[in-house]
Each structure stands twice: as C-alpha cells, then as structure tokens.
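Single-structure report; data block below.
The values are calculated or read from the model by the stated rules, or taken from the named source; none is laboratory data. For clarity, every value in this text was computed on a predicted model and none was experimentally measured. Note that we place each Cβ from the backbone using ideal geometry, even for glycine, and neighbour counts take in every protein chain shown.
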Amino acid sequence: MTELWNAVDRYFASTIVDEDEALRGALAANAAAGMPAIDVSPSQGKLLHLLARIRGAMRILEIGTLGGYSTIWMARALPERGRLVSLEVDPKHAEIARANLERAGVGDRVEIRVGPARESLAAMTEERFDMAFIDADKASTADYFAAVLDLSTPGATVVVDNVVRDGAILDDPDASDIRGLRAFFDLAASDPRVTATAIQTVGTKGHDGLAIAVIH
Ligand code: SAH
Ligand code: MG
C-alpha cells in the first residue's frame, strides 16, 4: 500500500499543494545536516497553513521546530504583523531552521526559543496564542497540551502531530511515547475547554494521524 499512498501524495503535490523552492530547499538543508526526515509531509504542511488562515491566526506557537519545515508553512499564513514562536531543544536544529526560515522570507515573523519546551512554556506567563502545533517529544504531549490550554485565546486551534504512529496508539501503553499520547487523549476528552477529533493519515510519512482541537 505504501507505494500507492506515496503516488497519491505525489499527485496532490503536483497539483494543489504548491510546495515551493524554499520549502524543498529546507528539506535538502536538513538532510545535508544529517537531521531525521520527520517533518510533516507537504500536504500536512499545507493543512497547517490552511488551518492558520481559517482561524485568522495572529500568534502561533509551535513545539518542536526541527529544521523549520512546518514552521515555514504556518508562518506564511500569518499577516505581516503576525508572529510565530517555535520551541526547540537542540541548538543545531534551531540554527538550521533559522537559516531555512530566512531563505523562505519569514525570518522576521518567527522567533525560535532554544531550550527544553517545558521550561520555555513555564516562562510564558503573559503571552497568548490563537493556534498551536505540538510536535516534539511524544512522551510530553499531554503536558504540552495542558500548558497550551492555559496560553490559548478563546477559539484557539490546536493541532497535535503523530497521534497514530502505525497504530501504536492502541498497543503498549507502557511505552513512554504512547503513554504521553494517550494521556493527551484523556485530557482532551475530559477537559471542558476542549472540543477535539483525530484523523488518520497515510502518505509519504506512512500511517499516522493528527488531532485537531478548538479551545473554548
Ligand atoms: N515540527 C517539525 C518536526 C519536529 S521533530 C516539522 O514537522 O517540520 C521534533 C523536534 O522536537 C526535534 O527537532 C527535537 O529536537 C525537538 N524536541 C524534542 N524534545 C524536545 C523538548 N523537550 N523540547 C523542545 N523540543 C524538543
Ligand atoms: Mg510530527
């Protein structure tokens, strides 16, 4: 099946997704730097872009920058005065991302904060965001989501990546990644501020999925 999934993703990419030279260049720079190819796919990046546009987001929070591929897609949805803050623990990733963002022309809209996301989030007492994308260490997903709830404006959109992982979400709740993801599902299901769903995806990144929530 994966060949078919890839072929359909390539068809989408060749028609409506519109990944440009700067985005392709970011992936090439990441590969050249030896970074893992765990970015969102082009069509998922475009989905993040569209969700930001639909929300009319002015302030976006990303947790997990890697080389800034998803960052570029979301930053390009911002109006000129809009801002994106992206949290990344690895200084080398942040440095590559910074260069990719400049090349994509969104460097002035994006601030990368280097350090453990947990600490960066704890320091954000005054800031508020109307969209968030959670895509860092999966074991901490529920903790990041809890923090994001407190930083959200009414009606904020939150996307959580990699919630399926080839179906692993169903097995082995003793693995810390899966425990973290399941704790996120439990929190999203029980917190009255959250309305959420999750969608399975197939394509160039295999079988995975993302959760989408609105925060009241
Ligand atoms: N959002 C990116 C992919 C992110 S990959 C994209 O789709 O293009 C996950 C990133 O989270 C990696 O760069 C990793 O270094 C970072 N990360 C892992 N643990 C972290 C932590 N505790 N705090 C902040 N970032 C972390
Ligand atoms: Mg991801």
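Residues of the stretch 56-109 that are assigned to a strand (DSSP E or B), of a type outside the set (Gly, Ala, Ser) and within 15 Å of ligand 1 (Cβ to nearest atom): Ile60, Leu61, Glu62, Ile63, Leu84, Val85, Leu87, Glu88. Filtering Val114, Val17, Val85, Val89 for residues that are β-branched (Val, Ile, Thr) and farther than 28 Å from Asp143 by Cβ leaves a single hit, Val17. Of all residues in the stretch 97-147, those satisfying the criterion of being surrounded by fewer than 23 Cβ atoms within 10 Å (Cβ to Cβ), among the β-branched types (Val, Ile, Thr) and modelled with pLDDT of 95 or more are Val106, Ile112, Val114.
Filtered by the rule that a residue be near ligand 1 (Cβ under 8 Å from one of its atoms) and over 29 Å from Ser152 (Cβ atoms), the stretch 28-53 gives Met35, Pro36. Just one of the listed residues (Val160, Val164) is crowded, with 23+ Cβ neighbours inside 10 Å, free of Cβ contacts under 8 Å to residues at least 60 places away in the same chain, in contact with a strand residue (DSSP E or B) (Cβ under 7 Å, 6 or more places away or on another chain) and not hydroxyl-bearing (Ser, Thr, Tyr), namely Val160.
Which residues, taken from the stretch 26-55, are under 14 Å from Thr71 (Cβ atoms), assigned to a helix (DSSP H, G or I) and over 15 Å from the mean Cα position of the chain (by Cα)? Hits for the stretch 26-55 are Ala26, Leu27, Ala29, Asn30.
On inspection, Ser152 qualifies as farther than 23 Å from Ala168 by Cβ, surrounded by 14 or more Cβ atoms within 10 Å (Cβ to Cβ), small (Gly, Ala, Ser) and at pLDDT 95 or above. Can you name the residue in the stretch 144-159 that is over 18 Å from Ala198 (Cα atoms) and not small (Gly, Ala, Ser) and is also nearest to ligand 2 (Cβ to nearest atom) among such residues? Result: Leu151. For the stretch 12-25, a residue qualifies if it is closer than 24 Å to Ile212 by Cβ and part of a helix (DSSP H, G or I), and the qualifying residues are Phe12, Ala13, Thr15, Ile16, Val17, Leu23. Among the conditions (1) free of Cβ contacts under 8 Å to residues at least 60 places away in the same chain; (2) under 25 Å from Ser43 (Cα atoms); (3) surrounded by fewer than 18 Cβ atoms within 10 Å (Cβ to Cβ); (4) aliphatic (A, V, I, L, M), the only one that Ile212 does not satisfy is (1). Hey, any hits in the stretch 180-189 for a residue that's more than 16 Å from ligand 2 (Cβ to nearest atom), of a type in the set (Phe, Trp, Tyr) and either surrounded by fewer than 18 Cβ atoms within 10 Å (Cβ to Cβ) or within 18 Å of the chain's Cα centre (by Cα) (or both)? Yes, the stretch 180-189 contains at least one residue that is more than 16 Å from ligand 2 (Cβ to nearest atom), of a type in the set (Phe, Trp, Tyr) and either surrounded by fewer than 18 Cβ atoms within 10 Å (Cβ to Cβ) or within 18 Å of the chain's Cα centre (by Cα) (or both). Looking only at residues that are closer than 17 Å to Val106 by Cβ and of a type in the set (D, E, K, R) in the stretch 49-64, which one is surrounded by the most Cβ atoms within 10 Å (Cβ to Cβ)? For the stretch 49-64, the residue satisfying everything is Glu62. Against the criterion of being near ligand 1 (Cβ under 9 Å from one of its atoms) and among the small types (Gly, Ala, Ser), Ala146 does not qualify. Select from the stretch 78-96 the residues that are more than 16 Å from ligand 2 (Cβ to nearest atom) and of a type in the set (Asp, Glu) and write down the one among them that is surrounded by the most Cβ atoms within 10 Å (Cβ to Cβ). Within the stretch 78-96, the match that is surrounded by the most Cβ atoms within 10 Å (Cβ to Cβ) is Glu95.
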